[in-house]
Amino acid sequence: MVTDCQWYPQDNQIGITSSMDKTVKVFDLPSCSIIDTFKYDKPPLQIHWNELDSNTPLIAVAHNSSNVPLLDLRVGETSQHLRSKKSSICAVRWCPTRRHILAVGDIEGCVSFWDVRSGRSALRREKTTKGPVGGIKFSSNGVYSVVVAASRVVSIWDIDSWKRIAKHKINMTNLDLNRDNPCVRFDISDEGDSLRIAVPCNEDIAYLNYNNGEFTESRMRGHISNVHAVRFRRHYQQLYSSSNDRTVLGWTDAFDCQQQEFLQDQQEALRDDWDDD
């Protein structure tokens, strides 16, 4: 099973994937051929290519180890290791405005910020919540970091002050937690006056709006099986979601009000109409 994928930021003919087969693979997409393969002792859960640094676009790999390898495809091997003494790493993310800053999350619920130019320890390590970190995103200006825990606790951090400025627990019951892969494929959009956060929550999508220090939460329903990834489309006010029901849905503001009707239609189509008599 593929756990993560990404286009090469400077050339959309190259892509990378990570998989439960304990590998990270580099693909030439036009020919669908494998260029290189990197093997690990444990499955890589998240990967992230540095989109800002075009000269040395390093790939950070979170593979449930205390070390974070940084892959350099120019030399075809790991160029550097970030060594955490605390816990296994399950989430990674490069800052979009500071090319040397990497955020990593571990299974103990802590987020660390590293300057990869230095061989020293992390610049900062902060506890976000109990349980594993599910994912990390940065605002487009690099000022804020959004951290979502596997337990669906959302935290917003100010990067300059290294302080948490907001926290919100998503309301839900019977959360299906995957202990082998705690990653949460959420996304954020900071276009406009507020910060919007979309988080998969079983069959639903929790839609958070953060403005003036306050969270508002709503639900988007349309899938009939667990949602495993969401993605905003920049400049179009659209959200896309994929699910174990083998569908990809596109969402707009006008589409939200139609979701209950859409869900009822799906349930009607799948209802068992067989008569026992």
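Sorting check: for 68-78, 27-37, which peptide has the highest mean count of neighbouring beta carbons within 10 Å, and how do the rest follow?
The most tightly packed comes first, giving 68-78, 27-37.
Loop-only check: which chymotrypsin sites (Phe, Trp or Tyr not before Pro) in the stretch 143-197 are DSSP coil with at most 16 other Cβ within 10 angstrom?
Answer by residue number: Trp162.
Just from its helices, what would the mean residue ellipticity at 222 nm be for the chain, if runs of 4 or more DSSP H residues each count -39500 (n - 2.57) and the sum is divided by every residue, rounded to the nearest 500 deg cm²/dmol?
For the chain, the value works out to -1500 deg cm²/dmol.
So for the stretch 1-111, Kirkwood radius off the Cα pairs, Stokes-Einstein at 4 °C and 1.567 mPa s: how many µm² s⁻¹?
Translational D for this selection: 92 µm²/s.
As an exercise, identify the trypsin sites (Lys or Arg not before Pro) in the stretch 95-166 lying in DSSP coil whose Cβ has no more than 11 other Cβ atoms within 10 Å.
Arg117, Arg120, Lys130
Tell me the volume per residue, in Å³, of the convex hull enclosing the alpha carbons of the stretch 117-241.
Expressed per residue, the convex hull around the Cα atoms of the stretch 117-241 is 130 Å³.
Pull up all non-local amide H partners of Thr3: gap of 5 or more, or a different chain, and H-to-H distance under 5 Å with H placed in the peptide plane.
Ser18, Ser19, Met20
Taking every eigenvalue of the Cα gyration tensor of the stretch 38-175, multiplying by 5 and rooting it, what semi-axes result, largest first, whole Å?
Calculated on Cα positions only, the semi-axes equal 24, 17, 13 Å.
Rank-order 196-203, 53-60 by packing density, defined as the average count of other C-beta atoms within 10 Å over each peptide's residues, highest first.
So the order, starting with the most tightly packed, is 196-203, 53-60.
Using the alpha-carbon atoms, what tilt in degrees (0 to 90, nearest 10) does helix 259-270 show relative to the longest principal axis of the chain?
So the inclination is approximately 70 degrees.
Based on the Cα coordinates of the chain, what is the per residue volume of their convex hull in Å³?
158
If amide H atoms are built 1.01 Å from N in the plane of the peptide, which residues on other chains or at least 5 residues away come under 5 Å of the amide H of Gln46?
Amide H neighbours of Gln46, under 5 Å, 5+ apart: Ala62.
Since every read-out is calculated from the coordinates, none of them should be taken as a lab result. Everything numeric here is computed off the predicted structure, so don't read it as measured data. Counting neighbours? That spans all protein chains shown, and the Cβs are built from the backbone with ideal geometry, glycine included.
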